[in-house]
Amino acid sequence: MKPAQDAANPVPRASAPHTEALLQGHSLGLQDQKRWIWRKLELAIAAGERVALTGPSGSGKTTLMRALAGLVPLTEGDLVLEQRPLQQWSMPDYRSRIAYLAQRPELGDGDTVEAVLSAPFQYRAHHNQEYPRNLIEQALQQLGRDPGFVQRPVGSLSGGEQQITALLRLLALQPALLLLDEPTAALDPRAALAVEQLLDAWQRETPGRAWLWSSHDSDQITRMCTRRIELP
C-alpha cells in the first residue's frame, strides 16, 4: 500500500471555497459558564481534504469536534453540511454523514466486537445499508488482525483495541467526513502506522471523503494532513 502523502508535497486539492465545502462553520462560538472557549470561528472543509486541527492544550479541539458532530450544542453560529444547514438535517442522518471518533470511545451495547460493529445497521438512518462483513475482514487484514478478532468479548479489549473497534464501526457506515480525535493515542507505533495506512486507503478509495484530524504527534499530522485549522 502507498504511504500517506507527505504534507510537504501534497496532492493538489481545492482550497475549500464556501460554495463547494463539504462542511462549513460560520461564526461559531461556544461558551462554558462565563468563558468563551472560542468565538467567531470560521471553517470550511472541502470534499477530499485532509485537514489537521491544531492548537495548545485547553484550546477546545475536542469540544469543537464534538460540536461539529452534533454532540455539543453551539452557543452561537451555524453549521452547514453538504450545502444544508444543520437545522434541515435529522440528527441520525447528519451523523450518518459526519462521524466522530473519540479519544476514549464508548462501544455501547454488544457482547462481542461483531455485535458492536453491526449494531448501527439496526437504526433507521442505516436501514438501506447492509453490514459490510467483507469490508471489515479486509480492514482487519490491513491492520494485521486475525478475522477472529470480531468474536472477541468487548470486555476483554485493551484501550487500543477499543479504538480500533470504534474506528471500524465508523468506516463500516461509510461517512463523508471523519472527525478523528487522537485516533491512535492508545496504540503502539506499529499499530498506529497500520491505522494511518488503513485511513489513507479509505480516503483514496473514494476521493470525496475527508477528515479533520487532531493529534499531539506532529510527525503524524505532517504525514496525514495537507493543511491546518489552528485554534488560538
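Before moving on, here are some points about what is shown:
- Dividing the Cα radius of gyration of region 149-232 by 2.2 N^0.38 Å, with N the residue count, gives 1.13.
- Helices of the chain meeting both criteria, an alpha-carbon length of 18 angstrom or more along the long axis and an average Kyte-Doolittle score not below -1.0, with helices taken as full DSSP H segments, are 159-172, 189-205.
- For the chain, calculated [θ]222 nm from helices alone, where every DSSP H run of n ≥ 4 adds -39500 (n - 2.57): -8500 deg cm²/dmol
- Whole-number accessible area per residue in Å² for the chain, which is evaluated in the context of all protein chains at 1.4 Å: 50 Å²
- Subtracting the Cα-Cα distance of residue 119 and residue 131 from their residue separation scaled by 0.36 nm leaves 3.4 nm.
- Distant alpha-carbon pairs in region 20-98 (separation over 22 angstrom), percent: 21 percent
- Averaging the Cα positions of each part gives two centres, and for region 210-232 and region 48-92 these lie 16 Å apart.
- Using only alpha-carbon positions in region 54-189, the gyration tensor eigenvalues give semi-axes of 27, 20, 12 Å once each is multiplied by 5 and square-rooted (largest first).
- Share of carbon and sulfur in the accessible heavy-atom surface of region 12-160 [1.4 Å probe, %]: 47 percent
- Using only Cα coordinates, the Kirkwood hydrodynamic radius of the chain works out to 18.3 Å.
- When each of the peptides 119-130, 93-104, 188-199 is scored by how many other beta carbons lie within 10 Å of its residues on average, the order from highest to lowest is 93-104, 188-199, 119-130.
The values are calculated or read from the model by the stated rules, or taken from the named source; none is laboratory data. In this text the structure is predicted, and so the values were computed from the model without any measurement. Heads up, the Cβs are rebuilt from the backbone with ideal geometry, glycines too, and the neighbour counts pull from every protein chain shown. Ligands, DNA and RNA are excluded from the accessible area calculation, which covers all protein heavy atoms including side chains. Shrake-Rupley method; radii C 1.70, N 1.55, O 1.52, S 1.80 Å.
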